[in-house]
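Asks: The structure under discussion is supplied below as structure tokens; questions concerning it will follow.
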Amino acid sequence: MSKLQYEDIRKSEEVNAYLAQGNEMLGVLGYTDHSAKHAQIVADTAGKILKELDAPKRQVELAQIAGYMHDIGNCVNRTDHAHNGAILARSILKDMGMEVKEIAAVMNAIGSHDEKTGCATDPISAALILADKTDVRRNRVRNKSKSSFDKHDRVNYAVTASKLRILPEKNTILFEICLDESICALIDYFEIFMQRMMMCRRAAEVLGMKFKMTANGKKVC
């Protein structure tokens, strides 16, 4: 029997319905974009990280699957969304015929991705965390009124460009951002994202790498 593929998950009506419902609910609460676009960016980046580190092909695909599904728990509630998402993923993947060992790996990655309760424990969860926490971009902001931006809106809107680079020859994962400091000072970025960047550092260590970050060309960690 052929193994479940990332494309099967990306086209799943159930998965996309949960993502859409969760994103709609978060929009009402004032959160940035958590739509299928975010899910696909995270999936693609997680896969890219492991592929560039020469991980096994199936491990790359499991990271993509976990990346696309990681926020489905938002359709239940933002609180404990990672844990809810892991449980939802189990039933979806089981119904779609994934083997139990792979389901367990995907559940662990999804359930571990929130910075309040989780941490990287294996390559799949590490890749997911790095991909999710570095998806910082202006077009994630849904609030159209700059005068009513909260601190999360302001920080995301201030990021005019970002890139995650995998540098195996330097044993480094490098996160580069360009920040419009007329909108948001660098210290404001770290007020919001310090815990996430610390989580990325741990994730990089699980992959045998160092995590570094630059802002406007200057090393910050």
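The values are calculated or read from the model by the stated rules, or taken from the named source; none is laboratory data. Computed from a predicted structure; not experimentally measured. Ideal geometry is used to build each Cβ from the backbone, glycine not excepted, and the neighbour counts take in all protein chains shown.
Asks: Given (1) of a type in the set (D, E, K, R); (2) surrounded by 17 or more Cβ atoms within 10 Å (Cβ to Cβ); (3) closer than 25 Å to Gln40 by Cβ, identify the lone condition not met by Lys212.
Replies: With (1) of a type in the set (D, E, K, R); (2) surrounded by 17 or more Cβ atoms within 10 Å (Cβ to Cβ); (3) closer than 25 Å to Gln40 by Cβ applied to Lys212, the lone miss is (3).
Asks: Filtering the stretch 32-48 down to residues that are modelled with pLDDT of 95 or more and outside any helix (DSSP H, G or I), which residue is nearest to the chain's Cα centre (by Cα)? Walk me through it before giving the result.
Replies: Going through the stretch 32-48, the residues modelled with pLDDT of 95 or more turn out to be 34-48.
With the extra rule that they be outside any helix (DSSP H, G or I), the set shrinks to 34-35.
Numbers: His34: 10, Ser35: 12 Å.
Here the residue is His34.
Asks: Looking at the stretch 49-106, which of the residues that are acidic (Asp, Glu) and either in contact with a Gly (Cβ under 8 Å, 6 or more places away or on another chain) or part of a helix (DSSP H, G or I) (or both) is surrounded by the most Cβ atoms within 10 Å (Cβ to Cβ)?
Replies: If we take residues in the stretch 49-106 being acidic (Asp, Glu) and either in contact with a Gly (Cβ under 8 Å, 6 or more places away or on another chain) or part of a helix (DSSP H, G or I) (or both), then Asp71 is surrounded by the most Cβ atoms within 10 Å (Cβ to Cβ).
Asks: Let me ask something else. Considering (1) surrounded by fewer than 24 Cβ atoms within 10 Å (Cβ to Cβ); (2) out of contact with any His (no Cβ under 7 Å at 6 or more places or on another chain), say which one Asp135 fails and leave the rest.
Replies: Here Asp135 clears every test but (2).
Asks: Next up: Looking only at the stretch 127-154, how many residues end up being under 18 Å from Ala185 (Cβ atoms), of a type in the set (Val, Ile, Thr) and out of contact with any strand residue (DSSP E or B) (no Cβ under 7 Å at 6 or more places or on another chain)? Full working, then the answer.
Replies: Kept after step one, since they are under 18 Å from Ala185 (Cβ atoms), are these residues of the stretch 127-154: 136, 138, 141, 146, 149-154.
In the following step, the residues that additionally are of a type in the set (Val, Ile, Thr) were identified as 136, 141.
Going one step further and asking which of them are out of contact with any strand residue (DSSP E or B) (no Cβ under 7 Å at 6 or more places or on another chain), we end up with 141.
Residues that pass the stated criteria total 1.
Asks: Name the residues in the stretch 165-183 that are over 15 Å from Leu130 (Cα atoms) and among the β-branched types (Val, Ile, Thr), would you?
Replies: Answer for the stretch 165-183, where residues must be over 15 Å from Leu130 (Cα atoms) and among the β-branched types (Val, Ile, Thr): just Ile183.
Asks: Test each condition in (1) surrounded by 19 or more Cβ atoms within 10 Å (Cβ to Cβ); (2) out of contact with any Asp or Glu (no Cβ under 9 Å at 6 or more places or on another chain); (3) under 15 Å from Asp132 (Cα atoms) for Gln40 and report the one that comes out false.
Replies: (1)
Asks: In addition: Quickly run through the stretch 107-139 and pick out the residues that are within 11 Å of Ala63 (Cβ to Cβ) and outside any helix (DSSP H, G or I).
Replies: Hit for the stretch 107-139 is Asp122, nothing else.
Asks: Report, by residue number, each residue of the stretch 148-173 that is among the basic types (Lys, Arg) and modelled with pLDDT under 95.
Replies: Just the residues of the stretch 148-173 that are among the basic types (Lys, Arg), to begin with: 151, 154, 163, 165, 170.
Of everything in the stretch 148-173, those that are among the basic types (Lys, Arg) and modelled with pLDDT under 95 turn out to be Lys151, Arg154.
Listed here are the residues, each with its yes/no results for (1) in contact with a strand residue (DSSP E or B) (Cβ under 9 Å, 6 or more places away or on another chain); (2) touching a residue at least 60 places away in the same chain (Cβ under 8 Å).
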| position | (1), (2) |
| --- | --- |
| Lys3 | no, yes |
| Val28 | no, no |
| Tyr31 | no, yes |
| Gln40 | no, no |
| Thr45 | yes, yes |
| Lys94 | no, no |
| Val100 | no, no |
| Val106 | no, no |
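Asks: Of all residues being in a loop (DSSP other than H, G, I, E, B) and crowded, with 16+ Cβ neighbours inside 10 Å in the stretch 1-31, which is modelled with the highest pLDDT? Just the residue, please.
Replies: Within the stretch 1-31, the first condition is being in a loop (DSSP other than H, G, I, E, B), and the residues that meet it are 1-5, 11-12, 30-31.
If we keep only those that are crowded, with 16+ Cβ neighbours inside 10 Å as well, we get 4, 12, 31.
Details: Leu4: 95, Ser12: 98, Tyr31: 91.
For the stretch 1-31, the residue satisfying everything is Ser12.
Asks: Follow-up. Starting from the stretch 133-160, take each residue that is farther than 21 Å from Asp114 by Cα and in contact (Cβ under 8 Å) with a residue 24 or more places away in the chain and list its partners that are in a loop (DSSP other than H, G, I, E, B) and acidic (Asp, Glu), counting only C-beta distances under 7 angstrom and pairs at least six apart or across chains.
Replies: Listed pairs, sorted by first residue: Arg142/Asp33; Ala158/Asp180.
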